[in-house]
Amino acid sequence: MAGDVVRVLIVRRGKFMHTISKKAGQTLCIILVITICLVSAQSVIPDELHSVILSALSQADSIGMNPDPELSRELIQSVIDDLKTADALTVNYTSSGEISQEISDVMLSYIDSWKELMVVYGYLIDGGEQKNEAYTALLSNSSDRYDIALAKFTLAKDYYSKAYEALEGTEELLKKTDADALSDILPDASIPDNEAINKMLFRLRDNTMICQAYIDLCSAGIAKASSGDANSSEVQEPLLSATTLMKKLIPSPFVGEEAALFVNITFS
């Protein structure tokens with residue numbers, strides 16, 4: 001790598017890339033593990049509606065297990081299609097009197113919460129993809145690596161921020177879902193509790209923050225490439241901002257190991 005690239009990246013590139021690849025698929029799985037828990041059990045709703053919901057949740061269960069972003073996106077769309085079908089069936093069965101308005105209200109609230117979770121999943125996949133592409137650019141020998149990485153980390157930050165907002169929306173929808181009534185309508189259906197949602201929100205917050213640190217780092221690299229003066233304020237100010245933020249993120253159980261690799265970063 002060229003001389004102006006951070007020394008710690010040269011020394012720790014292998015460890016860094018191993019860390020990134022190991023953690024890349026974990027962001028999405030944390031919600032899936034704690035939310036998918038619907039099994040075939042006796043239900044008070046019509047079999048057709050029950051079957052469509054089972055299909056949606058079964059497919060959702062496999063989204064986080066897929067290393068291929070495009071396949072994950074296809075699964076998300078398939079889940080969304082099933083949820084739309086479930087939504088329409090719920091309305092039709094309510095109109096025909098086959099299910100009560102009370103059951104309908106619970107079902108529609110539950111379906112809406114899953115629709116919003118699919119939005120979260122989509123943003124997570126997009127954010128993770130941009131972040132990994134940014135890492136690749138940052139660790140390359142390309143003369144415009146900082147410009148490419150800056151653009152991609154900026155996109156990743158935006159996606160993580162949108163996922164955070166969507167998850168807050170999911171949280172509000174879940175609060176409106178009557179868990180006791182749902183357990184009677186869909187036996188063994190589980191709703192993520194506040195602790196699980198908060199854990200995911202913290203993960204998204206930390207990913208958003210570390211993307212900002214990378215943005216500052218890339219800004220410092222661009223300034224260094226432009227001026228050739230590693231000690232200029234244009235380089236040192238964003239570099240200090242990046243390392244300060246990385247230091248704050250070290251205790252994070254989600255990005256702490258990654259942040260620790262950049263705390264003592266310097267330009268030569």
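The values are calculated or read from the model by the stated rules, or taken from the named source; none is laboratory data. Here the structure is a predicted model, which means the values were calculated and not measured. We place every Cβ from the backbone using ideal geometry, glycine too, and count neighbours over all the protein chains shown. Please note that ligands, DNA and RNA were not included when accessible areas were found on the heavy atoms of the full protein model with its side chains. Shrake-Rupley method; radii C 1.70, N 1.55, O 1.52, S 1.80 Å.
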Carbon plus sulfur fraction of accessible area for the range 43-105, probe 1.4 Å, in percent: 51 percent
Could you sort the peptides 169-175, 216-222 by per-residue average Cβ neighbour count (10 Å cutoff), highest mean leading? 216-222, 169-175
So which of K115/K162; K131/K162; K152/K247; K131/K152; K131/K248; K84/K115 end up more than 18 Å apart, counting from Cα to Cα? K152/K247; K131/K248
Let's test the formula: R0 of 25 Å, r as the Cβ-Cβ distance of D105 and E168. What FRET efficiency results, to the nearest 0.05? 0.70
For peptides 181-187, 53-59, sequence by mean Cβ density within 10 Å, most packed first: 53-59, 181-187
Between S140 and N198, take the C-beta separation as r, use R0 = 35 Å, and let me know the FRET efficiency to the nearest 0.05. 0.45
So how exposed is F202, as accessible area in Å² (1.4 Å probe, rounded to 10)? 100 Å²
At 1.4 Å probe size, with every protein chain present, just tell me what the per residue accessible area of the range 191-258 comes to in Å². 45 Å²
Extension reserve of the N231-D178 stretch, reckoned as 0.36 nm per residue once the Cα distance is removed: 13.2 nm
If each residue of separation counts as 0.36 nm, what is the full-extension length gain between L71 and T244 once their alpha-carbon separation is subtracted? 58.5 nm
Going by accessible area, probe 1.4 Å, with all protein chains left in place, what is the ranking of D82, D68, D180, largest first? D180, D68, D82
